[in-house]
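The values are calculated or read from the model by the stated rules, or taken from the named source; none is laboratory data. These figures come from a predicted structure and were not determined experimentally. Neighbour counts are summed over all protein chains in view; Cβ atoms, including those assigned to glycine, are modelled from backbone coordinates with ideal geometry. SASA here: full protein model, heavy atoms, side chains in, ligands and nucleic acids out. Shrake-Rupley method; radii C 1.70, N 1.55, O 1.52, S 1.80 Å.
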Amino acid sequence: MGNKFVKRGPESAFTKATGLYPKCEWDDKTVKKLINKKKIAPRYPGREEQGPDLDECPICFLWYPGGLNRSKCCRQSICTECFLQFKKPTPARPIQCPFCNAQNYTVKFTGVKSKEEREQIEQEEQLVIEAKMRIRKEELLQQEQREAELAAEREKRAKEAPPPPSPPPPPPARFPGAP
């Protein structure tokens, strides 16, 4: 009669703070509702080692299973613990996205990234690495050109400059007993 059946979702174990931060201003009940409604990602404990199907939070640099929250403005990933530290329960003014500085920062939880999303991210990261390598090669080439120009300029000045004055002749030697 007085027994209630409470349905616990698979994420109900991950609605409490993980201890990543010493305190959280959010009420546990509110966070639990947001997690159960899939508005934000569960509070999975982060790992220090990368693994398959883990996503890295760019704020705390820990790896999380099950997907992370994504910024609505720029789709950057952020773990729930970092998000709750950044966005206060009752902000006095709208906050900016920590990644792109867009106003009214909010996130959405879409679950684990698909294989296609992971491949696209890897391709984009590879393009960034290649672009950085190209830029570095160009910088080195420009530096070599500047050094060659400076060496040529020094050589030109050395040729155009009058020869240094010759040292004055030594005074005549005086021998003892000579007048």
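If the condition is being touching a strand residue (DSSP E or B) at 6+ places or on another chain (Cβ under 9 Å), under 19 Å from Thr30 (Cβ atoms), of a type outside the set (D, E, K, R) and open to solvent by 30 Å² or more (accessible area, probe 1.4 Å), then the stretch 54-97 contributes only Phe86.
Within the stretch 35-70, can you find the residues that are of a type in the set (S, T, N, Q) and under 20 Å from Glu122 (Cβ atoms)?
The first filter runs over the stretch 35-70 and keeps only residues of a type in the set (S, T, N, Q), leaving 36, 50, 69.
The answer is Gln50, and nothing else.
Restricting attention to the stretch 93-112, does a residue exist that is at negative phi, of a type in the set (Gly, Ala, Ser) and free of Cβ contacts under 8 Å to residues at least 24 places away in the same chain?
No, there is no match, as no residue in the stretch 93-112 is at negative phi, of a type in the set (Gly, Ala, Ser) and free of Cβ contacts under 8 Å to residues at least 24 places away in the same chain.
Look at the stretch 62-75: where a residue is touching a residue at least 12 places away in the same chain (Cβ under 8 Å) and a partner is among the acidic types (Asp, Glu) and surrounded by fewer than 19 Cβ atoms within 10 Å (Cβ to Cβ), sitting 6+ places away or on another chain with Cβ atoms under 6 Å, you get Trp63/Glu56.
Per-residue answers, yes or no, for (1) basic (Lys, Arg); (2) open to solvent by less than 70 Å² (accessible area, probe 1.4 Å); (3) in contact with a Ser or Thr (Cβ under 7 Å, 6 or more places away or on another chain):
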position: Thr106; (1), (2), (3): no, yes, no
position: Lys113; (1), (2), (3): yes, yes, no
position: Gln123; (1), (2), (3): no, no, no
position: Leu127; (1), (2), (3): no, no, no
position: Ile135; (1), (2), (3): no, no, no
position: Gln143; (1), (2), (3): no, no, no
